[in-house]
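The values are calculated or read from the model by the stated rules, or taken from the named source; none is laboratory data. Being a predicted model, the structure only gives us computed values, none of them experimental. Neighbour counts are summed over all protein chains in view; Cβ atoms, including those assigned to glycine, are modelled from backbone coordinates with ideal geometry.
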């Protein structure tokens, strides 16, 4: 069994030359925790699957499916973008872009936007997949593009947040944050809270900016850099951000998991949890993972701990995702694990291929979508047996 870390470091040449042996001997690394046997209680079944294109391996891209209520859109590393009927998986259209892709698709306003590995940003028609425009962002993006109110929001790994017109790709505004010499490879995808774009950066800051004007309204220091070495000062906010009403939930590496007010950036509560995967939320809880891969559930209202689950230690788990009455998490062997949202006990396990997933599972409607780095898409649904309706008329006779 091969074990390779999902998160990688972006290192300046000076650090790279001086940093041989930076992370210690491989013999000191503990192996991934072995999977345990249990009785599945959540009846999850495969609904459909599709081949998207050629896969990637250990590139830590941000390719995952998205939906607009009518269709499901997905893209492969080798430049193929497809639209599917969510009910039966029938492919509606397929577009070959002839370039490697790194993030997306983002969907909205009847458009599909995808980012290329070398900086291009491409907009397609959601109805038939034809290309509408293509621009160069001058930077690689590992964050899903966000489409909202005729704007496309894109964040690149060099610390830039840019907004373009969804109609023709012209730039509306951009802001930039300082990027440390040593960072994790990855970028959190921006989210919208009201009329504010919220983005996390590699310097540990969470920033709220007006979507219409590009004026920064507030900044919150989520993960203050500390320590003497560049490694100790890693403070990336790379993982998934979540918005519920006027509250933002975010977490940083070697920092804190916090609830932040979207209007002011005020930190409402915070807990010392270091993670690079970010957070998932449901109606009651916030879910995240510590550095070893332990799953932690906290109350959304005040951050009090509800439960912990250590079944995925060192298995490179993905961001937790709320699904049905469970929490779904992928791992480095292609398994998707589902745990009860009440007490964290395992309730189901499925396997999607034999390698890494391309990001976390995605919930769209009542289905769970899982894209693997091998270039396949698998879709699952909970199939509970229907209850028999008593024949009242027969009972009365």
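For the reader, a short list of remarks on this structure follows.
- Any hit, segment 52-62, residues being surrounded by 17 or more Cβ atoms within 10 Å (Cβ to Cβ), in a strand (DSSP E or B) and either in contact with a helix residue (DSSP H, G or I) (Cβ under 8 Å, 6 or more places away or on another chain) or modelled with pLDDT of 95 or more (or both): no
- Condition check for residue 115: assigned to a loop (DSSP other than H, G, I, E, B) and touching a residue at least 12 places away in the same chain (Cβ under 8 Å): no
- Residue 200 buried (at least 21 other Cβ atoms within 10 Å of the Cβ), within 26 Å of residue 360 (Cβ to Cβ) and touching a residue at least 24 places away in the same chain (Cβ under 8 Å): yes
- Residue pairs meeting the criteria (Cβ under 7 Å; at least 6 apart or on separate chains; first on the phi < 0 side of the Ramachandran plot and surrounded by fewer than 10 Cβ atoms within 10 Å (Cβ to Cβ), in segment 20-44; second part of a loop (DSSP other than H, G, I, E, B) and modelled with pLDDT of 55 or more): 30/314; 36/311
- For segment 80-99, filtered to residues that are part of a loop (DSSP other than H, G, I, E, B) and either out of contact with any strand residue (DSSP E or B) (no Cβ under 9 Å at 6 or more places or on another chain) or in contact (Cβ under 8 Å) with a residue 40 or more places away in the chain (or both), the residue that is farthest from residue 380 (Cα to Cα) is 98.
- Residue within segment 159-174 that is touching a strand residue (DSSP E or B) at 6+ places or on another chain (Cβ under 8 Å), surrounded by 21 or more Cβ atoms within 10 Å (Cβ to Cβ) and at pLDDT below 95 present: no
- Residue check, residue 179 touching a residue at least 60 places away in the same chain (Cβ under 8 Å) and either surrounded by fewer than 20 Cβ atoms within 10 Å (Cβ to Cβ) or within 19 Å of residue 119 (Cα to Cα) (or both): no
- Residues of segment 118-161 classified as part of a loop (DSSP other than H, G, I, E, B) and over 21 Å from residue 175 (Cα atoms), total: 5
- Top-ranked residue of segment 63-79 - restricted to ones that are within 20 Å of residue 380 (Cα to Cα) and surrounded by fewer than 21 Cβ atoms within 10 Å (Cβ to Cβ), ranked as farthest from the chain's Cα centre (by Cα): 70
- Residues that are farther than 7 Å from residue 147 by Cβ, surrounded by 19 or more Cβ atoms within 10 Å (Cβ to Cβ) and modelled with pLDDT of 95 or more within segment 102-119 comprise 105, 112, 114, 115, listed in sequence order.
- Residue check for residue 219: at pLDDT 90 or above and on the phi < 0 side of the Ramachandran plot: yes
- Count of segment 346-360 residues which are part of a loop (DSSP other than H, G, I, E, B) and in contact (Cβ under 8 Å) with a residue 60 or more places away in the chain: 5
- Applying the condition of being outside any strand (DSSP E or B) and at pLDDT 80 or above to segment 374-397 and asking which residue is surrounded by the most Cβ atoms within 10 Å (Cβ to Cβ) yields 375.
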